[in-house]
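In what follows, a structure is listed as structure tokens, so that the remarks can point back to it.
Every read-out reported here was derived from the displayed coordinates using simple, explicitly stated rules and does not represent laboratory data. Just so it is clear, the model here is predicted, and its values are computed rather than measured. Virtual Cβ from ideal backbone geometry, glycine too; neighbours counted across all protein chains shown.
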Amino acid sequence: MAKRPAVIRVNSPAAPASTCETGDVHGTQAPKAARVVSCTVPAAAARSDSVPDPSAGRPEESPVGSDDHAPPDGSAPPDGSAPSNTQTPHSGAFAMTVVSDSQTFKRAVNDFTGGFAQRELWLSLGWQDIKQRYRRSVLGPFWITIATGLQATAMGVLYAALLGQPLLEYLPYVTVGLIVWNVINASILDGSEVFIANEGLIKQLPSALSVHVYRLVWRHLLFFAHNMVIYLVMLAAFGVWRHLEPASLLAIPAIALIFLNSMWVSIVFGIFSTRYRDIAPILSSTTLMLFVLTPVMWTTKTLESQVGAGDRAKLAELVPTFHYLEIVRAPLLGEPQALRHWLIVGAITLVGWSVAIFAMKQYRSRVPYWV
């Protein structure tokens with residue numbers, strides 16, 4: 001004879017009593033872990049105000065589950081099959097579904113805002129990177145300025161002689177172009193390894209993923225500021241200040257646009273280079289090719305002045321880095337500016353940030369597993 005199941009009644013002042021029944025599996029005395037518990041919640045207790053808060057966490061599930069169609073005496077079903085442990089909804093029962101929002105645009109935007117809110121962290125880390133690089137050095141970070149100045153001087157003098165250009169005009173052209181190119185080159189190469197290089201912090205530090213991007217861009221901004229000392233010296237030494245006009249102030253938003261693009265480049269290349277490690281070497285080879293194709297050491301005017309090479313100079317328009325270079329170099333040297341460069345850079349910026357936000361939405365939570 002099967003045992004009569006025990007009946008447990010739970011009284012609540014906000015809802016009618018709930019009835020729970022416990023029974024033995026197949027009418028036998030089963031161990032405690034294998035006993036079936038079936039609870040019926042009245043419909044009045046399933047109101048919206050009685051549903052638990054989803055933020056409180058997902059409730060723990062029973063290892064056995066409940067069977068709403070199990071006979072009350074604990075015997076097997078009429079068809080001889082084993083009792084099912086899947087809950088079947090009925091009147092008075094409710095189900096709560098928890099949906100993960102790890103791959104939503106809201107979480108991606110919150111990562112950017114949360115990372116910017118931690119600016120004390122990435123500001124100190126970025127500055128510490130430079131101090132650590134030139135630790136125990138007499139000149140410290142100004143070795144960046146010296147190295148860039150020597151490189152610009154050597155290349156400017158050489159190419160001015162090869163191309164037959166006046167040194168007083170060509171050396172400032174090469175110097176500013178080299179300063180801006182260093183930012184573009186570092187954004188691509190360092191950006192592709194921004195998450196790989198910070199593997200330890202990503203796994204141990206509970207911070208937004210964008211913190212490492214802010215840190216990288218801040219470090220590049222400090223390098224750029226040290227190199228701009230060369231430009232200030234050049235203003236007086238080569239008389240560049242005579243050519244400056246009020247339109248030269250457009251260099252300020254142009255520089256801001258350069259570093260805004262540096263952020264999305266670091267995000268996109270950083271995420272995909274973390275997943276596919278062959279992308280970083282490919283980008284390293286690509287930047288060398290871009291340096292040759294971009295008019296850093298040569299001018300488009302030189303090609304236009306040659307017979308039959310005027311149309312070839314227009315091919316430089318196909319290189320995107322040329323437009324980034326021109327929106328900064330032209331106002332700093334007091335040269336005429338073309339609107340098409342700003343429009344092309346603006347279009348690339350919008351497309352790049354759209355891809356960066358989508359990449360953060362889709363793959364942000366996977367980066368810690370890829371590094």
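Which residues among the range 227-257 fall inside the zone where the amide N is under 15 Å from a point 7 Å beyond the Cα of TRP127, along Cα→Cβ?
Counting backbone N atoms under 15 Å from the label point, the list is empty.
Cut-off 12 Å, label point 7 angstrom out along Cα-to-Cβ of HIS243: give me the residues of the range 142-174 whose amide nitrogen falls inside.
Label zone hits: 166-174.
If eta is 0.692 mPa s and T is 37 °C, what Stokes-Einstein diffusion coefficient results for the range 108-158, Kirkwood Rh from Cα pairs, in µm²/s?
Taking Rh from Cα pairs, D becomes 241 µm²/s.
Given +1 on the Cβ of Lys and Arg, -1 on the Cβ of Asp and Glu, and no further charges, what dipole in debye does the range 313-368 carry about its Cα centre, rounded to the nearest 20?
360
Could you check the spin-label model distance between GLN118 and SER137? Points 7 Å from the Cα along Cα→Cβ, value in nm.
Using points 7 Å along Cα→Cβ, the separation is 2.8 nm.
Could you give me the ³J(HN,Hα) list for the range 126-139, computed from phi with Karplus coefficients 6.51, -1.76, 1.60 and θ = phi - 60°, whole Hz, x at Gly and Pro?
Once rounded to whole Hz, the list reads x, 5, 5, 4, 6, 5, 5, 5, 10, 5, 6, 9, 6, 7.
Output ³J(HN,Hα) for the range 284-300: one whole-Hz value per residue in order, computed from phi by the Karplus curve 6.51 cos²θ - 1.76 cosθ + 1.60 with θ = phi - 60°, and x for Gly and Pro.
3J(HN,Hα) across the range 284-300, in whole Hz: 4, 6, 5, 5, 5, 5, 5, 5, 6, 7, 7, x, 8, 9, 10, 10, 5.
Please find the FRET efficiency linking PHE358 to TYR231, where r is the Cβ-Cβ separation and R0 is fixed at 45 Å, and quote it to the nearest 0.05.
Rounded to the nearest 0.05, the efficiency is 0.75.
Ratio of the range 184-312's C-alpha Rg to 2.2 N^0.38 Å, to two decimals?
After normalising by residue count via 2.2 N^0.38 Å, the value is 1.35.
Skipping prolines and chain starts, which residues have an amide H placed within reach, meaning under 5 Å, of the one on GLN165, given they are 5 or more residues away or on another chain?
The list, which skips near neighbours in sequence, is empty: none.
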